[in-house]
There are 2 protein chains.
Amino acid sequence: VLMVKSKVFGFGKNAWKMGVDDPRKVIHGIKVGIALSLVSVFYYARPLYDGVGGNAMWAVMTVAVVFEYTVGGCLYKGFNRAVATLSAGGLAMGIHWIASKTGEKVEPVILSASVFLLGAAATFSRFIPTVKARFDYGVTIFILTFSLVAVSGYRVDELLDLLQQRVSTIAIGISICLLVCILICPVWASEELHLLITKNMEKLAESLEACVEEYFMKDGAGDGKNSCSQKSQGYRCVLNSKASEDSQANLARWEPAHGRFGFRHPWSPYLKVGAAMRYCAYCIEALNGCINSEIQAPESTKKHLKEVCMKLSSESSKVLKELSSSIKSMKRSKSIDLLVEEMSTAVEELHNALRSFPNQLTQAAVQPAVEANEEKKHSISVTTTLPVMEVLPLITVASLLIEISARIDGVLDAVRNLAD
Amino acid sequence: VLMVKSKVFGFGKNAWKMGVDDPRKVIHGIKVGIALSLVSVFYYARPLYDGVGGNAMWAVMTVAVVFEYTVGGCLYKGFNRAVATLSAGGLAMGIHWIASKTGEKVEPVILSASVFLLGAAATFSRFIPTVKARFDYGVTIFILTFSLVAVSGYRVDELLDLLQQRVSTIAIGISICLLVCILICPVWASEELHLLITKNMEKLAESLEACVEEYFMKDGAGDGKNSCSQKSQGYRCVLNSKASEDSQANLARWEPAHGRFGFRHPWSPYLKVGAAMRYCAYCIEALNGCINSEIQAPESTKKHLKEVCMKLSSESSKVLKELSSSIKSMKRSKSIDLLVEEMSTAVEELHNALRSFPNQLTQAAVQPAVEANEEKKHSISVTTTLPVMEVLPLITVASLLIEISARIDGVLDAVRNLAD
């Protein structure tokens, strides 16, 4: 009993925390309650009840099924439900009319055959990607309504009445859904997508900087490292965000003009920005792997590249942050060109540092053995054997940083494309 | 008109191709048709119709909504629908009984308030991850049934009859769905998940080998390169497979024992294998970036590491292929230990090659200037300056290959965990 009690208590605590973290989830629950209460008015108020009769339950069902978290989701389901009901109802009426001309024995055969054929064809169409993305719910409702009307037609005499009532009650249900959804604290899928992209970009910038910092500061205090570690994991959100980006872009397509977004705002560039960011995140993931690998360059070698690497990572992260804030404000950034230039300068500096890397190492190591540096021939200098295994991780980190900055250019292009 | 015609034609062609590529999709469509026809028998056969009356439409609706592609999906929806209908119906009956004691004026207030509260609470509960994953559909049906019964109760005198009919027709619908779904060419979510994991692992192995081959063979014939390129992109499937793995594992949980899988077969280790594979794929993606980057090591430097790198990639890919076939046959592989050993030998060889890398380069470059090699002091040898920029991409490739083999060890652990 105690275990059950603690479990229930923990569950309640979690739910409470979730509600406090994102009050919109609580508001969504309340909105559904309001919509359901509104629709039940159709039952309680006698004149309305007399209008639509016992079929008022279709309105209740519609509200329970169509109400979604985002306005886009609500519109998608409402539109699909309305169009599918109308088209399937009309088609079923037509087939029923034809079947009724053929006599009582053939009628059920024709009806069953049509249900079979249309059901099979509609179900198959759900596998087509475009249909799946935009009309999946509509196809379900099409099958449902068609079967319902075609089959009912055999028994119910006033088929037209049934259909008309179904259509009008569903219309009432959808209007209540849309009104409540849009008027009370609306959650727009487009805003969510916009926010997701900018937040992910900020996380990417932060984790890139934190990763490199962590690598070069590994001998620092333990406390600072922990908080750093958490920051440096931000790119993981970007890795797994494809599904939610896709679904939000799908829903955003349905939304009317609102705030800063017009109707038919182009959403596919957002997906491209998301893809470019993910492309970047894959590289940061590999970088993270190198940073946490067992073989590590000694501190003395690390410090040769420390400054240039950290400069590059901070410049790259600045570019990402500037891009993020430029998307957020939906304005072209003025300083972005300067920042990109600084990033390429940093890349060039890292290149130069790498080019002179063995020399630097030599100078550091050779000092106690200066006497060996007597003979210098053209293009041949006397150096210690470069211990490749020691610098291997360091060189990999540097080269991944260069690759990351190249991929940030890709993000930049995608964002420019978005701005156009 | 011509454009529309060609569009329709193209659409039909795509659909046909899809059907030929995966006949199970066509079969699924036919199965839905069969289930719908079966349920319509309840309308046409008089004795059956007399049993459930006009409410037979609930059975039609259930079939249209519950029938899913996989057995797991069908069971998930059927179970959710049945339990939610029963519990919501019972609860609504109880509240209706209490409300009916309070008099005609207070009754609608109590009913509306209960609909509001339960609707809001149930909707909020959908945001909880566990509920979302396993009972999302059930919560919708709970809200729907509860509102329906609670609101109808105000008018329909024989509330118990309504509920009983709803439950029995839904039971008929669900049984038809399950029978058709399981008896006619069943598609098991567990088999799909199993297949997805093994196929992805094979793709990973192939693309790893193809990537490295492509890098070292870049001067080869153009024809061979193209087919190679396609193969080397296989890892992309792995990058984006998280969503489908998660949903299939969720559905597989609902499936009864069948074939090689018992009931409550542990599915989370599969997800861990998938995660380990994705971890690997991120690194291959970075590798691919390096391979296609602008700065390239000259062929002469490349060939020093060609053999060891290609050996490592082929050994790694052999390990992955062996793991994949061991998952496929669900047997512990006998040769896996040997293969892993060979992979670590290959890693060691690459390490050694890297260690002696500058010396090798020196020997190749120094020959014309042998006269400089006169004085050799302890630990200091005379070499040419190592052109770091030239070998940078090569070293990065090598170090990423080592990282990948370390991550393949992670996959190995996950597969062992799965086998236990």
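The values are calculated or read from the model by the stated rules, or taken from the named source; none is laboratory data. Every value quoted in this text rests on a predicted model; they were computed, and no experiment measured them. Reconstructed Cβ throughout: ideal geometry from the backbone, glycine too, with neighbour counts over all protein chains shown.
General remarks:
- Test: residue in the stretch B:102-115 that is farther than 20 Å from A:V32 by Cα, within 14 Å of chain A (Cβ to nearest Cβ) and either of a type in the set (D, E) or surrounded by 20 or more Cβ atoms within 10 Å (Cβ to Cβ) (or both): yes
- Filter result for B:V212 (of a type in the set (A, V, I, L, M) and under 21 Å from B:A35 (Cβ atoms)): no
- Which listed residue is more than 10 Å from chain A (Cβ to nearest Cβ), surrounded by fewer than 24 Cβ atoms within 10 Å (Cβ to Cβ) and over 30 Å from B:V41 (Cβ atoms), from B:A92, B:A99: B:A99
- Scan of the stretch B:240-270 for residues that are among the hydrophobic types (A, V, I, L, M, F, W, C) and either surrounded by fewer than 18 Cβ atoms within 10 Å (Cβ to Cβ) or in contact with a strand residue (DSSP E or B) (Cβ under 6 Å, 6 or more places away or on another chain) (or both), ordered by number: B:A243, B:A257, B:F263
- Put simply, of A:L350, A:L312, A:L361, A:L339 the only residue that is of a type outside the set (S, T, N, Q), surrounded by 18 or more Cβ atoms within 10 Å (Cβ to Cβ) and at pLDDT below 75 is A:L361.
- Filter result (part of a helix (DSSP H, G or I) and facing chain B (nearest Cβ under 10 Å)) within the stretch A:60-89: A:V60, A:M61, A:T62, A:V63, A:A64, A:V65
- Only one of the numbered conditions (1) of a type outside the set (S, T, Y); (2) within 22 Å of the chain's Cα centre (by Cα); (3) farther than 15 Å from A:K77 by Cβ is not met by A:E213, and that is (2).
- Test: B:L196 is closer than 19 Å to B:C280 by Cα and modelled with pLDDT of 90 or more: yes
- Test: B:I172 is more than 30 Å from A:V8 (Cβ to Cβ) and not polar (S, T, N, Q): yes
- B:V41 part of a helix (DSSP H, G or I), without any contact (Cβ under 8 Å) to a residue 40 or more places away in the chain and either within 26 Å of B:T70 (Cα to Cα) or within 33 Å of the chain's Cα centre (by Cα) (or both): yes
- Residue in the stretch A:174-186 that is among the β-branched types (V, I, T), under 27 Å from B:Y69 (Cβ atoms) and crowded, with 21+ Cβ neighbours inside 10 Å present: no
- Taken as a whole, the structure places A:V273 among residues that are within 18 Å of the chain's Cα centre (by Cα) and either at pLDDT 80 or above or within 11 Å of chain B (Cβ to nearest Cβ) (or both).
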